[in-house]
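Notes for the one structure printed next.
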Amino acid sequence: MAADGDPAAGAGPDVEAHALLRASSSSSDEDPEQCAFEPAEKIVVSIAADPDADEEDLFSATGRAPPFSWRKLWLFTGPGFLMSIAFLDPGNLEGDLQAGATAGDTLLWLLLWATAMGLLVQLLAARLGVATGKNLAELCRDEYPDWVRRALWLMAEVSMVSADIQEVIGSAIAIKILSRGFLPIWAGVVITALDCFIFLSIENYGVRKLEALFAVLIAIMAWSFAWMFIETKPNGKDLIVGLLVPKLSSRTLRQAVGIVGCVITPHNVFLHSALVQSRKVDQNKEYQVREALRYYSIESTMALVVPFMINLFVTTVFAKGFYGTEEARTIGLENAGQYLQEKFGGDYFPILSIWGVGLLAAGTSSTITGTYAGQFIMDGFLNWRLKKWMRAMITRSFAIVPTIVVALYFNASESALDVLNEWLNVLQSVQIPFSLIPLITLVSKEQVMGVFKIGLTTQIVTWTVASLPILINGYLLLDFFSSEIRGAVSGSFLCVAVVAYAAFLLYLILRCTELPNHVFTPVKNKDASFT
């Protein structure tokens, strides 16, 4: 996303002070224990198209970044694909299959627009990280009072852990499917916990090796679900109509809300703002920041095309097989593979195994990115000086320990996983505003972003887009609690919690925006005229 307006326009004292602050803090930014990536880990991407040309002089003379380079795009490619894993976690896949089984192809248009909405949010996260050299958690630590910082950290941790539990459970279900039931859910959880060590060992060989691992996992998912899509032969006309013609009814409202609610993953916003710092960009050189933003915009867009297609495959496969059937009301991650096998399987089409492989790749990749995000969240908010292996172990333990307890309980209660998923979805829905609001307010703030702050038009569009998942998840929460909460005491407690929640959101909105200044400045000027 390009900066709005003339780069030189509006560069007042606050912008100059911000630039000086960044320059003066460059030495501290090089402290390996305070950066998302150590200086030696960052990838150098400054490759001039003409070896004899000076890119900075070219930008000063023309006001434009250097010409597009495919090689540079390749060097910038990676962070967006790690970010895109959040659009393919087991929770999303479960939402896809339930939407397809319940609503057929009628919600594909919503999947398309929801992915576009998620792209906008992720582009803002990348913009924040590139322009400031800090991730969202670090900026929240700098911008907010201590009690707000701790509250936001707690919310981010709850969101990350709740998402991680679903991802670990999804991997465990895949392991159970692939072992033909030999390994129970709890054993799959223990095996999944070991991916933390895989992550640590690969990260030691460089960030590009880690990105290559995720490229392989995404390719496995794409292959698995594309094979299912081709073999089940969905109706092409219904698919195109579903993508282009908006349809929504009261019967499919819950599935529609689920699709939108899965798009914004709070910890993924923190993750992407940190991942873009894996490339070496000098924030004091405007042409480098602009160039990085251009390549990251292209890369993030390409990265989200892949998960959109995979989600499309899953939705249409289950729409073809189960829309309008009795199984549509009971289908979920664990029994979906068996239902697929009974419907489409055969001697030459092992669809159960294909489903298990795709689900395992989704769960494994998303748990690793969850661990990665947990490290950035912990470092950014708390500024803890810990070794990477220790941070990863702490982050992984937050999710694995409660997941093992749940998995052991699930072996004795068939309905436990469904109840767990409902509550985990509620927890993640509650957290969405606590990543979106700080992101939008900070990226709109000139003192933080300098000339790279978003303009008024972009702010209006962004706030409009962000309000949709917040309002939709508010509806989900009210619907959920109205069915779960009984009695005057619990109802009163819920009312108090809602008021406190709304007050905190209002504080976050007003704390970093210029709205209070616009409201109270005219009053102050009027009072001054009488003195």
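From (1) crowded, with 23+ Cβ neighbours inside 10 Å; (2) in contact with a Gly (Cβ under 8 Å, 6 or more places away or on another chain), pick out the condition that doesn't hold for GLU157.
For GLU157, the exception is condition (1).
For LEU244, state whether it is under 18 Å from ASN268 (Cα atoms), surrounded by fewer than 17 Cβ atoms within 10 Å (Cβ to Cβ), of a type outside the set (Phe, Trp, Tyr) and out of contact with any helix residue (DSSP H, G or I) (no Cβ under 6 Å at 6 or more places or on another chain).
So LEU244 does not fit the description; no.
Tally up the residues in region 160-182 that are over 14 Å from the mean Cα position of the chain (by Cα), open to solvent by less than 10 Å² (accessible area, probe 1.4 Å) and not hydrophobic (A, V, I, L, M, F, W, C), please.
2
Tell me which residues, restricted to region 291-310, are closer than 24 Å to LEU243 by Cα and acidic (Asp, Glu).
GLU299
Look through TRP147, TRP153 and report the one residue that is of a type in the set (Phe, Trp, Tyr) and in contact (Cβ under 8 Å) with a residue 60 or more places away in the chain.
None of the other options fit; the residue is TRP153.
Restricting to region 217-248, what's the tally of residues that are free of Cβ contacts under 8 Å to residues at least 60 places away in the same chain and not hydrophobic (A, V, I, L, M, F, W, C)?
2
Being open to solvent by 40 Å² or more (accessible area, probe 1.4 Å) and on the phi < 0 side of the Ramachandran plot is the requirement here; does PHE344 meet it?
yes
Has region 224-233 got any residue that is under 27 Å from GLN428 (Cα atoms), buried (at least 20 other Cβ atoms within 10 Å of the Cβ) and not basic (Lys, Arg)?
yes
Is it the case that some residue within region 319-337 is β-branched (Val, Ile, Thr), open to solvent by less than 30 Å² (accessible area, probe 1.4 Å) and closer than 20 Å to ILE220 by Cα?
no
Give me the helices (runs of 4 or more DSSP H) completely within region 437-531, filtered to those with at least 3 residues that are modelled with pLDDT under 75, ordered by residue number.
Here the list reads 456-484, 488-511, 515-529.
Taking the criterion of being modelled with pLDDT of 85 or more, within 30 Å of GLN428 (Cβ to Cβ) and open to solvent by 10 Å² or more (accessible area, probe 1.4 Å), would at least one residue in region 248-263 satisfy it?
No, region 248-263 has no match at all.
The values are calculated or read from the model by the stated rules, or taken from the named source; none is laboratory data. A quick note: this is a predicted structure, and the numbers were derived from the prediction, not measured. All Cβ positions, even for glycine, are placed from backbone atoms using ideal geometry, and neighbour counts span all protein chains on display. Each accessible area value is taken on the protein alone, full model and side chains, heavy atoms only, with ligands, DNA and RNA left out. Shrake-Rupley method; radii C 1.70, N 1.55, O 1.52, S 1.80 Å.
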